[in-house]
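> Once you've had a glance at the structure underneath, I'll fire off some questions.
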Amino acid sequence: MLPLSRRQFLTQGLALTLLPVISQAASAAIQAGKDYQVLGPTPLPGPNVEVLEVFSYGCPHCAHLAPYIEPWSHKLPASVVFRRIPVTFGHEQWAVLARTYYVLDTLHQADRLQVKIFQAIHDQNINLFSEDVLFDWLEQQGVKRDQFIPLYRSFSIQSKVQQGDQTAMNYGVDGVPTVIIDGRYATSPTQAGSIEALFPVMNTLIAEEMQLKKKR
């Protein structure tokens, strides 16, 4: 694993090359079955293109992707909706982190803390799988304990975790990170060949979906 300062240096350089240029994306040469998988014949209903990042804070590969996909997601066109789905794959430790994401999303803190949580677990070796450690760490990040814990233990958050797992299962996701484009396509750094190669694949698929929806 790269030291944090080195990773930050690489992130700043690489992020400049990964910002989406949707208007040029269709020129990228990508192949179904090689760079991405086709999930279904039709896009999701509605005018917007949905991009789902299926991930877990406990996944080191997701940690590698996070510093790149976050700035990329913030540059997407208004007609592209980016959402994250944390999965558990039946692991209780990952369930702790999935609940954490949904609570932070409810409190509008997920974007601010997304990369920090990955860094805490994978670079700083902070045991955020432990609820006691997690609650203390989040309080240090400015998240109020009396707001976080009741939500974390609530039925609504547990339901979201179950729904997220079911969504991933419906799409046939068996590893993370995986990105689902408008319910039609699935890709990942592994399938695309690298983190760098993933973004042209996503940009191309998004551009194709945008053009398709304009014609409908």
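The values are calculated or read from the model by the stated rules, or taken from the named source; none is laboratory data. Keep in mind that this is a model prediction, so the values were computed, not measured. With ideal geometry, Cβ positions are generated from the backbone for all residues, glycine too; neighbour counts draw on all protein chains shown.
> Somewhere in segment 190-202, is a residue within 18 Å of Val87 (Cβ to Cβ) and not small (Gly, Ala, Ser)?
For segment 190-202, residues within 18 Å of Val87 (Cβ to Cβ) and not small (Gly, Ala, Ser): present.
> If you don't mind, there's one more thing I want to ask. Considering only segment 35-130, give the helices (runs of 4 or more DSSP H) lying wholly within it that have at least 3 residues that are within 19 Å of Tyr185 (Cα to Cα).
Qualifying helices (runs of 4 or more DSSP H): 60-74.
> Which one of the conditions (1) in a helix (DSSP H, G or I); (2) farther than 23 Å from Pro41 by Cα; (3) of a type outside the set (Phe, Trp, Tyr) does Val143 fail to meet, given that it meets all the rest?
(1)
> Does any residue of segment 97-111 turn out to be in contact with a strand residue (DSSP E or B) (Cβ under 6 Å, 6 or more places away or on another chain) and under 30 Å from Leu39 (Cβ atoms)?
Yes, segment 97-111 has at least one match.
> Go through segment 42-64 and give me each residue that's buried (at least 22 other Cβ atoms within 10 Å of the Cβ), of a type outside the set (S, T, N, Q) and touching a helix residue (DSSP H, G or I) at 6+ places or on another chain (Cβ under 6 Å).
Val49, Val54, Phe55, Tyr57, Gly58, Ala63
> If you scan segment 40-56, which residues turn out to be among the β-branched types (Val, Ile, Thr) and modelled with pLDDT of 95 or more?
Within segment 40-56, Val49, Val51, Val54 qualify.
> Is it fair to say Phe135 is aromatic (Phe, Trp, Tyr), crowded, with 16+ Cβ neighbours inside 10 Å and over 22 Å from the mean Cα position of the chain (by Cα)?
Spelling it out, Phe135 is indeed aromatic (Phe, Trp, Tyr), crowded, with 16+ Cβ neighbours inside 10 Å and over 22 Å from the mean Cα position of the chain (by Cα).
> Criterion first (surrounded by 13 or more Cβ atoms within 10 Å (Cβ to Cβ), under 30 Å from Met210 (Cβ atoms), touching a Cys at 6+ places or on another chain (Cβ under 7 Å) and touching a residue at least 12 places away in the same chain (Cβ under 8 Å)) does Pro189 satisfy it?
Criteria not met by Pro189.
> Here's a follow-up. Sort through Val96, Val115 and tell me the only one that's over 23 Å from Ile195 (Cα atoms) and among the β-branched types (Val, Ile, Thr).
Val96 is the lone residue from the list that is over 23 Å from Ile195 (Cα atoms) and among the β-branched types (Val, Ile, Thr).
> Looking only at segment 131-150, count how many residues are in contact (Cβ under 8 Å) with a residue 12 or more places away in the chain and either closer than 15 Å to Ala95 by Cβ or of a type in the set (D, E, K, R) (or both).
Residues in segment 131-150 being in contact (Cβ under 8 Å) with a residue 12 or more places away in the chain and either closer than 15 Å to Ala95 by Cβ or of a type in the set (D, E, K, R) (or both): 2 in total.
> Quick one: how many residues across segment 73-126 are touching a residue at least 60 places away in the same chain (Cβ under 8 Å), closer than 23 Å to Glu50 by Cα and among the polar types (S, T, N, Q)?
2
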